[in-house]
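Notes for the one structure printed next.
The values are calculated or read from the model by the stated rules, or taken from the named source; none is laboratory data. Computed from a predicted model, the values in this text were never measured in an experiment. Note: ideal-geometry Cβ built from the backbone for every residue, glycine included; neighbour counts use all protein chains shown.
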């Protein structure tokens, strides 16, 4: 529709596309120097700015379980580049405040960005110097808002985060995914873990009649059992992982460890053995 | 071999067509909620299961929130959107209280929610809201919404994944539809029994409904919360 009366009554010129209705070859040169140029600010139509990505370097499952006295989490030390096991010493469990641990699965560069955001937030809180530090539920809500606002801009942080901690003597365990969906549960498992490990975690809690009846040693045993199953069945996992324990005494992230696995039976199977 | 529709062209060679991969910001976290208005009370009930596809995220994530002593809101659909919307309502109610020196009435919250939903008409909150409470006369009130803010006051409503299973039952038992029967006002006890039966039945047939049922009973005395077990399979 031509809004300009001076153009009425005359034949329309096909060279002019005033409203950027179709892509027109731009003469600006080969290498774009800015997003504004690509978008076509100031002259003929450029490309629309696009956001929504796909994850590149990724971490697999993160597990978490509440026990009597705190929360325990587990994550392996692998960051995959598609099917390539690229980085084999990545710490996907990260201590945030005195009583909080963040576990990250999904895109590792977005995880690094979130670590930076949380560090900045902790510094701001420290500068306020009012005797308060951010507690686990506070960090959880902050992280939820960050994830939700990014998804609402159609430019998500491609992660599923697990946040574990202790607050007012009670354990706290929650997850937030890339779409900003938050949920809390006595046991959490992301990625493949939600299919392979979560049933084991829930059964163990049920058998003991609740998370109050799980001791710290029990929790470690249960998580190691799950990590073993994940190493057997998740093709993007590694048998080198860390456990993080959060209790009233604080946070302790273990050194990397492995679980015993059995492969000898394969010798007896036609097609797999020697 | 293939049936054609108008405008479709069938060719005998492969065709290059652009494919767009896009991030879908919405997710359906399932669950069912209902609200029934009585003579001098209102019941708001919802299950507590949060699902994602065929998985259960958590067995206890409450869908209902007490907004004031007279009003309870319940939301189903995309939990991230529902929780954001709940926070917006709570914050607006707090500002209202600071500005006017009184709590927002149920009818006022009802209209405000409609406006809030429509403000995101072109990127909606994917949430099915039911607002339950007492009106200014002390009578039970139920307000029903669609995701973009169309709202109406009703005597009872069910929303969420099992709404098509429960709503007809409510039409028959609460409003006496499709039966030759004397209409009578129902007591709180009768309404609670109908509510609990609705949820136990819906749990049997709807995979997204189950785990726990949280009941909010609003009377002139305030808001009382009950929690009961539902089947966890």
Suppose the filter is more than 29 Å from residue A:147 (Cα to Cα) and modelled with pLDDT under 70; does residue A:23 pass it?
yes
Considering only residues of segment B:111-155 that are within 14 Å of chain A (Cβ to nearest Cβ) and not in a strand (DSSP E or B), which is surrounded by the most Cβ atoms within 10 Å (Cβ to Cβ)?
B:125
Out of A:120, A:152, which single residue is loosely packed, with under 15 Cβ neighbours inside 10 Å, more than 30 Å from residue A:227 (Cα to Cα) and out of contact with any strand residue (DSSP E or B) (no Cβ under 7 Å at 6 or more places or on another chain)?
A:120
Across segment A:249-274, the tally of residues that are assigned to a loop (DSSP other than H, G, I, E, B) and either crowded, with 20+ Cβ neighbours inside 10 Å or in contact with a strand residue (DSSP E or B) (Cβ under 9 Å, 6 or more places away or on another chain) (or both) stands at 6
State yes or no: is residue A:152 in contact (Cβ under 8 Å) with a residue 40 or more places away in the chain and either out of contact with any helix residue (DSSP H, G or I) (no Cβ under 7 Å at 6 or more places or on another chain) or farther than 30 Å from residue B:124 by Cβ (or both)?
no
In segment B:167-190, which residues are over 17 Å from residue B:41 (Cβ atoms) and touching a helix residue (DSSP H, G or I) at 6+ places or on another chain (Cβ under 7 Å)?
B:169, B:177, B:178, B:179
Mind checking whether some residue in segment B:191-205 is in contact with a helix residue (DSSP H, G or I) (Cβ under 7 Å, 6 or more places away or on another chain) and free of Cβ contacts under 8 Å to residues at least 24 places away in the same chain?
no
Residue satisfying all of: in segment B:21-46; away from chain A (no Cβ under 14 Å) and touching a helix residue (DSSP H, G or I) at 6+ places or on another chain (Cβ under 7 Å); surrounded by the fewest Cβ atoms within 10 Å (Cβ to Cβ) among these:
B:41
Which condition from (1) under 14 Å from the mean Cα position of the chain (by Cα); (2) farther than 23 Å from residue A:207 by Cβ; (3) surrounded by 20 or more Cβ atoms within 10 Å (Cβ to Cβ) is the one that residue A:146 breaks?
(3)
Of all the residues that make up segment A:98-133, how many are over 25 Å from residue A:248 (Cα atoms) and not in a helix (DSSP H, G or I)?
3
Within segment B:53-68, of all residues that are under 17 Å from residue A:196 (Cα atoms) and at the interface with another protein chain (Cβ under 7 Å from one of its Cβ atoms), the one surrounded by the most Cβ atoms within 10 Å (Cβ to Cβ) is B:57
